[in-house]
Amino acid sequence: MAEQVIKPDLNFINDVIASGGESLKKCFQCATCSVVCNVTPDDKPFPRKEMLQAQWGLKDKLFANPDIWLCHQCSDCTAYCPRGAKPGEVLGAIRKMSLQEFSVPGFMAKMVNDPKFLLVLLGVPALLYILIIAAQGFFGDVSIPTEDGKIVYGKFLFSLYYVDTVFTAAALFAVFSLFLGVTKYWKAMSSAAPNAKGSFGKALGDTIKEIIGHNRFKKCEVTKARATAHMLVFYSFIGLFITTILAFAKVIPEYFEHFGVHLGIDNSLLDVLTIIYKIIGNISAAALILGILLVMSNRFKNQVKAGLGGYYDWLFILLVAGVGVTGLLAQFLRMANTPVAYPTYVAHLCMVFFLFAYAPFSKMAHMAYRATAMIFAKQSAREQ
Amino acid sequence: MSDGKSILVIGGGMSGLTAAIEAAEAGNSAVIVEKSPFLGGRVSQLNKYFPKLCPPNCGLEINFKRIKNSADITSYTLAEVENISGDEGNYDVTVKLKPRYVNDKCVGCNACYEACPVEMPNEFNFGLNNTRAAYIPHNQAFPFKYVIDDRFCKGAACKKCAEACKYDAIHLDMKPETVKLKVSAIVMATGWELYDTSKLDILGGGKIKNVITNMQMERLASPNGPTAGKILRPSDGKEVKNIAFVQCAGSRDENHLAYCSYICCMASLKQVTYIRDQYPDSKARVFYIDIRTPGTRYEQFYWKIKEDPNVTLTKGKVAKITEDAATGDVVLVAEDILAGKKITEKYDMVVLAAGMVPSTKASKIPADIKYTDDGFVLPSSLKKGLYAVGTVKSPLDVAKSVQDATGAAVKGIQSARRSK
């Protein structure tokens, strides 16, 4: 006999409501949302199912499922919902809560998503850099070294010791934490759908193809313009990643030099490398700022039909915007040779730190979780 | 002209007729003001009543006979109330009469229609076919007098109808008139309009030929409708053997009508019988959020329809309708909630179960009355002497409107008695 015991988790229901899903209870299960959604599979479509599960507090069913991340929050569902139940926003709230469930350590997700802790979290890199600056004596009489009277950030916070060490550590932490979180998510999905076994490689390949083309985003109707905005931000991140790698490659000889090993690489080669990554970096930064401005303008334009979003969304958006703006500003102020360049540079570093060190817990984590969900869905034939 | 017992009834539909007739038969006098050229309202457009499935025209005929037999009922068609002043027992009302261009000499011979060169959409049939600018709204219209629609008629430049009329019944130079009334009470029975389905963009309302409204379905099935009761789809006249009904087309939707329109579930279930009776091999599917058939008789009707193996009732609102351009078939997407599957299906024709909008949403009654956001009269805002009936207060079926109207007749009589 197929007997199913449903244990509603009342706290979970209240948490969803508190996390931006306040309209949850308005849903009367008409299924308009599942029909207008262009990204859901036809079998057990979302988001009506999720709305019911959330109303019943069936946390495990929601979290151990690729569907909450297959949703791209096009908001077609929210726009056409006859009750103002805003399925798009409810699923957004559930995704945010699933980060608290899966990310390691979980308390970080709570902190990153709570404005109360903003100053604390921002304080970590700020304090770190203040200590570094103080340790070098820059707050005392020691003047900041320059090169022929020109500002060179490398002389200020010598890259080998400070910038790179801090960021390498932060990046390793983020990658490791994300990996642990995503693994937990994968395991949860696997135990909920144990028979799901297709080719992992093919699923991975198809997912990458889909992300590169932003094919899912393009299926959105009400928020059509989001595909372009997201693409700009996405590709500029890749551009900036390449920039970072090349910039890092450029200083490798310096590292060796520092330890007394002379690599004998031609300086003109390094100069060419510098020109290349500066071009890529500047184009990417411009694309990043344009993209994130479009993201913001789309949110305002669609706020009636799709909602404006909450702290979780705007922290991420503003951080990305901040990284782009301070990055470009730091460059121009350095070129202008004005001392304001230094605090701008430090602000930039703090924001980059925030963005990457806390990535496993902020909206930045969506890239890992959504990609994981897409791979799982494809491997388990949940979708093509 | 007030005899101290006169009651004004605004609206000559089933509710208004009932209120006026009941009041008159109790010894009061009643005046009916109806804005269309005929009495009977929405009911005259229906093919059958639910749940008894009898033709509404027989009930209307009885009422028209009662009007004819009563010396105490005056009715104005093509008439609108322009102004109301005063209080219970002593209302002064101004009524504006639009010219009909046809006088009482009309015998209904159809010569003017035959002579008229101007085609116009047939409003009585919700645009399913055309009529002409000189026309009779339908073959059982009361009063059975032709009318000339001056929005389309070319007037003195044409005159073909007037020339064709052997009875000197047509006068194209008729002017609007004003009638002043003194009444003791006013019953508002202004009825409802069908929700404009062209606002339902994802359902193809008004765009896809074979997506029709529930009221158009009534006309398609009516013996005096555009197809003489044969249910043929608009695009190519094909027999409709595979039909879907889309419930809550606009109703229960805060983007359209925030309320349940009350009658659409019963109306669709009733219309399922039109198809199933006419084409024994036909199939019908009703997509719903909830089937709402309140009360024992309606619930029993629902159970009976459910027993038909060719009828499928599917929980899940339709939210996407497109046209198969090659065949004219209608492609519909819904989630079959109980099966947990999003389904795409093709039908010969799809009926949108569109909701009720109170006529007072668009045109207010010229009196100190409050309305809900949806345009319904707020009964608590009505002063003594003013009474609202039927769908002017909330969506309602015919049977309950008639009961409501009888109650309002009593209220009107009381107002008249009080003020004597």
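Results for (1) among the aliphatic types (A, V, I, L, M); (2) outside the structural domain of residue B:205 (by TED's automatic domain parsing), shown as yes or no for each residue.
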{"site": "B:303", "(1), (2)": "no, no"}
{"site": "B:306", "(1), (2)": "no, no"}
{"site": "B:323", "(1), (2)": "no, no"}
{"site": "B:340", "(1), (2)": "no, no"}
{"site": "B:367", "(1), (2)": "yes, yes"}
{"site": "B:382", "(1), (2)": "yes, yes"}
{"site": "B:406", "(1), (2)": "no, yes"}
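Being free of Cβ contacts under 8 Å to residues at least 40 places away in the same chain and of a type in the set (Gly, Ala, Ser) is the filter here, so list the residues in the stretch A:166-180 that pass it.
If the condition is that a residue be free of Cβ contacts under 8 Å to residues at least 40 places away in the same chain and of a type in the set (Gly, Ala, Ser), then A:169 is the only one that fits.
Looking at (1) among the small types (Gly, Ala, Ser); (2) within 19 Å of residue A:313 (Cβ to Cβ); (3) surrounded by fewer than 16 Cβ atoms within 10 Å (Cβ to Cβ), which is the only condition residue A:92 fails?
(3)
Are there any helices (runs of 4 or more DSSP H) wholly within the stretch A:1-116 with 2 or more residues that are away from every other protein chain (no Cβ under 14 Å), touching a residue at least 12 places away in the same chain (Cβ under 8 Å) and within 30 Å of residue A:180 (Cβ to Cβ), and if so which? Before you say what the answer is, go through the steps one by one.
Numbers: elements: A:10-18, A:32-36, A:48-55, A:59-63, A:67-70, A:76-80, A:87-102, A:106-112.
It comes to A:10-18, A:59-63, A:67-70, A:87-102, A:106-112.
Determine if the stretch A:360-370 includes at least one residue that is among the aliphatic types (A, V, I, L, M), without any contact (Cβ under 8 Å) to a residue 60 or more places away in the chain and within 25 Å of residue A:235 (Cβ to Cβ). Reasoning before the result, please.
Residues of the stretch A:360-370 that are among the aliphatic types (A, V, I, L, M), as a first pass: A:364-365, A:367-368.
Subsequent filtering for residues that are without any contact (Cβ under 8 Å) to a residue 60 or more places away in the chain retains A:364, A:367.
Filter once more, keeping what is within 25 Å of residue A:235 (Cβ to Cβ): A:364, A:367.
Checked against the condition, which is being among the aliphatic types (A, V, I, L, M), without any contact (Cβ under 8 Å) to a residue 60 or more places away in the chain and within 25 Å of residue A:235 (Cβ to Cβ), the stretch A:360-370 yields at least one hit.
Quick check, is residue B:282 crowded, with 19+ Cβ neighbours inside 10 Å, within 18 Å of residue B:354 (Cβ to Cβ) and either at pLDDT below 95 or not assigned by TED's automatic domain parsing to the domain that holds residue B:46 (or both)? Please lay out each step first, then the result.
Details: crowded, with 19+ Cβ neighbours inside 10 Å: yes; within 18 Å of residue B:354 (Cβ to Cβ): no; either at pLDDT below 95 or not assigned by TED's automatic domain parsing to the domain that holds residue B:46 (or both): yes.
No.
Test residue B:32 against the criterion of being without any contact (Cβ under 8 Å) to a residue 60 or more places away in the chain, out of contact with any Phe, Trp or Tyr (no Cβ under 6 Å at 6 or more places or on another chain), part of a strand (DSSP E or B) and of a type in the set (A, V, I, L, M), and give yes or no. Full working, then the answer.
Working: without any contact (Cβ under 8 Å) to a residue 60 or more places away in the chain: yes; out of contact with any Phe, Trp or Tyr (no Cβ under 6 Å at 6 or more places or on another chain): yes; part of a strand (DSSP E or B): yes; of a type in the set (A, V, I, L, M): yes.
For residue B:32, the condition - without any contact (Cβ under 8 Å) to a residue 60 or more places away in the chain, out of contact with any Phe, Trp or Tyr (no Cβ under 6 Å at 6 or more places or on another chain), part of a strand (DSSP E or B) and of a type in the set (A, V, I, L, M) - is met.
Of (1) more than 14 Å from chain A (Cβ to nearest Cβ); (2) of a type in the set (Val, Ile, Thr); (3) without any contact (Cβ under 8 Å) to a residue 24 or more places away in the chain; (4) touching a helix residue (DSSP H, G or I) at 6+ places or on another chain (Cβ under 9 Å), residue B:333 satisfies all except one. Which?
Going through the list (1) more than 14 Å from chain A (Cβ to nearest Cβ); (2) of a type in the set (Val, Ile, Thr); (3) without any contact (Cβ under 8 Å) to a residue 24 or more places away in the chain; (4) touching a helix residue (DSSP H, G or I) at 6+ places or on another chain (Cβ under 9 Å), residue B:333 breaks only (1).
Return yes when residue B:261 is closer than 22 Å to residue B:198 by Cβ, out of contact with any helix residue (DSSP H, G or I) (no Cβ under 6 Å at 6 or more places or on another chain) and surrounded by fewer than 18 Cβ atoms within 10 Å (Cβ to Cβ) and no when it is not. Show your work before the answer.
Working: closer than 22 Å to residue B:198 by Cβ: yes; out of contact with any helix residue (DSSP H, G or I) (no Cβ under 6 Å at 6 or more places or on another chain): yes; surrounded by fewer than 18 Cβ atoms within 10 Å (Cβ to Cβ): no.
Judged against the criteria, residue B:261 is not a match.
Take the residues of the stretch B:189-215 that are hydrophobic (A, V, I, L, M, F, W, C) and in contact with a Gly (Cβ under 7 Å, 6 or more places away or on another chain): which is surrounded by the fewest Cβ atoms within 10 Å (Cβ to Cβ)? Show your work before the answer.
Taking the stretch B:189-215 first, the residues hydrophobic (A, V, I, L, M, F, W, C) are B:189, B:192, B:194, B:200, B:202-203, B:208, B:211-212, B:215.
Add one more test, that the residue is in contact with a Gly (Cβ under 7 Å, 6 or more places away or on another chain), and what stays is B:189, B:200, B:211.
Working: B:189: 30, B:200: 23, B:211: 28.
The selected residue is B:200.
Does the stretch A:327-382 hold any residues that are assigned to a loop (DSSP other than H, G, I, E, B), out of contact with any strand residue (DSSP E or B) (no Cβ under 7 Å at 6 or more places or on another chain) and surrounded by fewer than 21 Cβ atoms within 10 Å (Cβ to Cβ), and which are they? Steps first, please.
Taking the stretch A:327-382 as the starting set, the residues that turn out to be assigned to a loop (DSSP other than H, G, I, E, B) are A:336-340, A:358-362, A:380-382.
From what is left, the residues that are out of contact with any strand residue (DSSP E or B) (no Cβ under 7 Å at 6 or more places or on another chain) are A:336, A:338-340, A:358-362, A:380-382.
Within the stretch A:327-382, A:336, A:338, A:339, A:340, A:380, A:381 qualify.
Answer yes or no as to whether residue B:253 is buried (at least 19 other Cβ atoms within 10 Å of the Cβ), among the charged types (D, E, K, R) and within 14 Å of chain A (Cβ to nearest Cβ). Reasoning before the result, please.
Numbers: buried (at least 19 other Cβ atoms within 10 Å of the Cβ): yes; among the charged types (D, E, K, R): yes; within 14 Å of chain A (Cβ to nearest Cβ): yes.
The answer is yes for residue B:253.
Could you figure out which of (1) under 22 Å from the mean Cα position of the chain (by Cα); (2) within 14 Å of another protein chain (Cβ to nearest Cβ) isn't true of residue B:218?
(2)
Table: residues versus (1) under 23 Å from residue B:94 (Cα atoms); (2) within 13 Å of the chain's Cα centre (by Cα).
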position	(1), (2)
B:6	yes, no
B:10	yes, no
B:13	yes, yes
B:16	yes, yes
B:24	yes, no
B:29	yes, no
B:35	yes, yes
B:39	yes, yes
B:44	no, yes
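Considering each of B:139, B:130, B:122 in turn, give the residue that is in contact (Cβ under 8 Å) with a residue 40 or more places away in the chain, in contact with a strand residue (DSSP E or B) (Cβ under 6 Å, 6 or more places away or on another chain) and of a type in the set (S, T, N, Q).
B:122 is the lone residue from the list that is in contact (Cβ under 8 Å) with a residue 40 or more places away in the chain, in contact with a strand residue (DSSP E or B) (Cβ under 6 Å, 6 or more places away or on another chain) and of a type in the set (S, T, N, Q).
Can you find a residue that is under 26 Å from residue B:413 (Cα atoms), modelled with pLDDT under 95, surrounded by fewer than 18 Cβ atoms within 10 Å (Cβ to Cβ) and out of contact with any Asp or Glu (no Cβ under 9 Å at 6 or more places or on another chain) anywhere in the stretch B:92-115?
No, that holds for no residue.
Residues are listed down the side, and each one gets a yes or a no for (1) assigned to a strand (DSSP E or B); (2) polar (S, T, N, Q); (3) modelled with pLDDT under 95:
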{"position": "B:140", "(1), (2), (3)": "no, yes, yes"}
{"position": "B:156", "(1), (2), (3)": "no, no, yes"}
{"position": "B:174", "(1), (2), (3)": "no, no, no"}
{"position": "B:182", "(1), (2), (3)": "yes, no, no"}
{"position": "B:187", "(1), (2), (3)": "yes, no, no"}
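If we keep just the residues of the stretch B:287-301 that are crowded, with 18+ Cβ neighbours inside 10 Å and more than 14 Å from every other protein chain (Cβ to nearest Cβ), which is farthest from residue B:397 (Cα to Cα)? Break it down stepwise before answering.
Looking only at the stretch B:287-301, we keep the residues that are crowded, with 18+ Cβ neighbours inside 10 Å, and these are B:287-289, B:291-293, B:298, B:301.
Adding the requirement that they be more than 14 Å from every other protein chain (Cβ to nearest Cβ) leaves B:293, B:298, B:301.
Numbers: B:293: 11, B:298: 11, B:301: 15 Å.
That would be B:301.
Select from the stretch A:167-183 the residues that are surrounded by 15 or more Cβ atoms within 10 Å (Cβ to Cβ) and not aliphatic (A, V, I, L, M) and write down the one among them that is farthest from residue A:376 (Cα to Cα).
The extreme case among them is A:167.
Does any residue in the stretch A:247-269 that is in the same structural domain as residue A:154 (by TED's automatic domain parsing) and touching a residue at least 24 places away in the same chain (Cβ under 8 Å) come within less than 8 Å, Cβ to Cβ, of a residue that is surrounded by 14 or more Cβ atoms within 10 Å (Cβ to Cβ) and among the aromatic types (Phe, Trp, Tyr) six or more places away or on a different chain, and which pairs are these?
A:247/A:277; A:250/A:277
The values are calculated or read from the model by the stated rules, or taken from the named source; none is laboratory data. Given the structure is predicted, the values throughout are model-derived calculations rather than measurements. Neighbour counts run over all protein chains shown; Cβ positions are idealised from the backbone, glycine included.
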